[in-house]
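Any read-out appearing in this document is the output of simple, stated calculations on the displayed coordinates, not a laboratory observation. In this text, all values refer to a predicted model and were calculated from it rather than measured experimentally. Cβ placement follows ideal geometry from the backbone for every residue including glycine, while neighbour counts extend to all protein chains displayed.
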């Protein structure tokens with residue numbers, strides 16, 4: 001949001017009000033209007049037009065985000081993946097215990113763990129497996145650690161360990177978790 005203000009001189013709320021009062025009636029038309037009339041990039045135009053329609057409000061409201069985050073996790077681990085809930089809860093607890101600055105920020109498909117930046121993520125992969133991802137830069141894979149190709153794609157998450165049971169949260173897992181946490185200091 002800071003970059004939007006720096007770039008345009010208006011906050012997200014200012015732009016939403018402007019779109020509602022001056023812009024076209026549909027979200028699609030509003031996106032195009034922001035791009036052509038106000039020289040916005042696609043991402044800003046989509047974000048503002050969506051916010052004007054009531055989407056993404058949780059981005060700016062901590063209480064709304066917490067409600068949305070809870071629903072994201074419920075949806076991720078519903079149905080056939082519901083048996084993964086105890087394993088997810090254990091991974092979350094372990095991930096947050098790696099350091100006093102560790103925090104979780106659930107999204108719709110993953111639960112990133114971050115410090116200054118994302119150092120790990122929890123992602124339900126199948127109905128029997130959670131992929132625990134790590135931000136380990138260009139470190140060569142070793143042991144159970146699998147290279148995701150993320151470093152070459154400039155993704156934060158570069159490696160993962162498939163987690164099927166509590167037994168997979170072992171010394172090797174903890175080694176990579178601590179290393180990822182330390183790398184984002």
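Couple of notes before you dig in:
- Of every Cα-Cα pair in the chain, the percent that sits beyond 28 Å: 40
- For the pair residue 36 and residue 74, the difference between a 0.36 nm per residue extended length and the Cα-Cα distance amounts to 9.7 nm.
- Taken along its principal axes, the alpha carbon cloud of the range 87-185 reaches lengths of 29, 28, 27 Å, longest axis first.
- Judged by the ratio a/c of the largest to the smallest principal axis of the C-alpha gyration tensor, the range 2-55 counts as prolate, that ratio being 1.5 or greater while a/b is larger than b/c.
- Packing, as the average of other Cβ atoms within 10 Å across residues, places the peptides 8-21, 101-114 in the order 101-114, 8-21, highest first.
- Förster radius 35 Å - calculated FRET efficiency between residue 6 and residue 53, Cβ distance, rounded to 0.05: 0.90
- On Cα atoms only, tilt of 27-38 relative to the major axis of the chain in degrees: 70
- Computed from Cα atoms, the angle from the helix 12-22 axis to the main principal axis of the chain rounds to 40 degrees.
- Value of relative contact order over the chain, rounded to a whole percent, pairs C-alpha under 8 Å and six or more apart: 14
- Label-reachable residues, the range 123-151, where backbone N falls under 16 Å from a point 7 Å from residue 100's Cα toward its Cβ: none
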